[in-house]
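The values are calculated or read from the model by the stated rules, or taken from the named source; none is laboratory data. The structure presented is a predicted model; accordingly, all values stated were derived computationally and were not measured. FYI the Cβ positions are ideal-geometry reconstructions off the backbone, even for glycines, and counts take in every protein chain you see. When the accessible area is computed, the model is the full protein with side chains, heavy atoms only, and any ligands, DNA or RNA have been set aside. Shrake-Rupley method; radii C 1.70, N 1.55, O 1.52, S 1.80 Å.
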Amino acid sequence: INMGTRLAERWVLQGGVSYLNQSQGYTSNLLALDANNSRMAIVSEYTSVKQNIALSPTSTYDINSVSELVSVPLQAGYMVINRKFGLQLNSGVAADMFIRNTLTDKSGQLSSFSESAGSDSPYNTFSWSALGGTELSYKIGSQYRVSVAPGFRYALSPMLKSNSENASPIMLDLGFRFRYILK
């Protein structure tokens, strides 16, 4: 959910609240055993803060890591082209609030492992990101536009509490927007 206002003929200011679902692939050679000796997928970033989980080495396997966040972005945009087709360049910052990370073994042999924010979590509850991108839009009426918004997020503060060599500070994203313009 975003709202914006026109600051000048070609300048806009946009803000709102977004739900993010980021997916990354990993390879791990660790598995975790819970209190019931259930075998769960895990990655090395969890080992420094999860003392209550027994870890065991195993043969390598592929993991899908899905992180869920709530993001509050604030962006300034410049309308390069403002006709039937539009092109807007955006830049700004976002406060990101971590919700949960779920690790799933792609082969299905291990149980999924989920981790929320908190003191015993490897994830920071809040982080900051710089935003950049474009918005390619098409006017479908005097007050409506649909658009595709490819962009990137650069982590200004780490999502993980420990600095991980595997963590990339750049994330690419793709948004789809339906815009109603108040007149």
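Residue by residue, here is whether (1) open to solvent by 60 Å² or more (accessible area, probe 1.4 Å); (2) at pLDDT 95 or above; (3) not charged (D, E, K, R) holds:
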residue: Asn101; (1), (2), (3): no, no, yes
residue: Lys106; (1), (2), (3): yes, no, no
residue: Gln109; (1), (2), (3): yes, no, yes
residue: Ser114; (1), (2), (3): yes, no, yes
residue: Gly118; (1), (2), (3): no, no, yes
residue: Ser121; (1), (2), (3): no, no, yes
residue: Ala130; (1), (2), (3): no, yes, yes
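What residue, among those in region 133-162 that are of a type in the set (Gly, Ala, Ser) and part of a strand (DSSP E or B), is farthest from Leu174 (Cα to Cα)? Lay out the reasoning, then the answer.
Quick first cut of region 133-162, residues of a type in the set (Gly, Ala, Ser) only: 133, 137, 141-142, 147, 149, 151, 155, 157, 162.
Okay, now just the ones that are also part of a strand (DSSP E or B), so 133, 137, 141, 147, 149, 151, 155.
Working: Gly133: 9, Ser137: 13, Gly141: 24, Ser147: 11, Ala149: 6, Gly151: 6, Ala155: 17 Å.
Among those residues, the one meeting the criterion is Gly141.
Counting just the residues of region 172-183 that are surrounded by 12 or more Cβ atoms within 10 Å (Cβ to Cβ) and either out of contact with any Leu (no Cβ under 9 Å at 6 or more places or on another chain) or of a type in the set (Phe, Trp, Tyr) (or both), which one comes out modelled with the lowest pLDDT? Spell out the reasoning first.
Taking region 172-183 first, the residues surrounded by 12 or more Cβ atoms within 10 Å (Cβ to Cβ) are 173, 175, 177, 179, 181.
Then keep just the ones that are either out of contact with any Leu (no Cβ under 9 Å at 6 or more places or on another chain) or of a type in the set (Phe, Trp, Tyr) (or both); that gives 175, 177, 179, 181.
Details: Gly175: 88, Arg177: 91, Arg179: 89, Ile181: 85.
Step by step, filter region 172-183, then rank; the result is Ile181.
Out of region 9-43, which residues are surrounded by fewer than 16 Cβ atoms within 10 Å (Cβ to Cβ) and modelled with pLDDT under 85?
Leu33, Asp34, Ala35, Asn36, Asn37, Ser38
Give me a count of the residues in region 143-172 that are polar (S, T, N, Q) and closer than 20 Å to Gln14 by Cα.
Step one: filter region 143-172 for residues polar (S, T, N, Q), giving 143, 147, 157, 162-164, 166, 168.
Pick out the ones that are also closer than 20 Å to Gln14 by Cα and you get 143, 147.
The number of residues fulfilling the criteria is 2.
So, in region 139-163, of the ones that are surrounded by 15 or more Cβ atoms within 10 Å (Cβ to Cβ) and closer than 23 Å to Ser44 by Cα, which residue ends up modelled with the highest pLDDT? Working first, answer last.
Of region 139-163, the ones surrounded by 15 or more Cβ atoms within 10 Å (Cβ to Cβ) are 139, 145, 147, 149, 151, 153, 155, 158-161.
Still in the list and also closer than 23 Å to Ser44 by Cα: 155, 158-161.
Details: Ala155: 91, Pro158: 85, Met159: 84, Leu160: 81, Lys161: 80.
So, considering only residues that are surrounded by 15 or more Cβ atoms within 10 Å (Cβ to Cβ) and closer than 23 Å to Ser44 by Cα, the one modelled with the highest pLDDT is Ala155.
For region 58-67, does any single residue satisfy the condition of being open to solvent by 30 Å² or more (accessible area, probe 1.4 Å) and touching a residue at least 60 places away in the same chain (Cβ under 8 Å)?
No, because not a single residue in region 58-67 is open to solvent by 30 Å² or more (accessible area, probe 1.4 Å) and touching a residue at least 60 places away in the same chain (Cβ under 8 Å).
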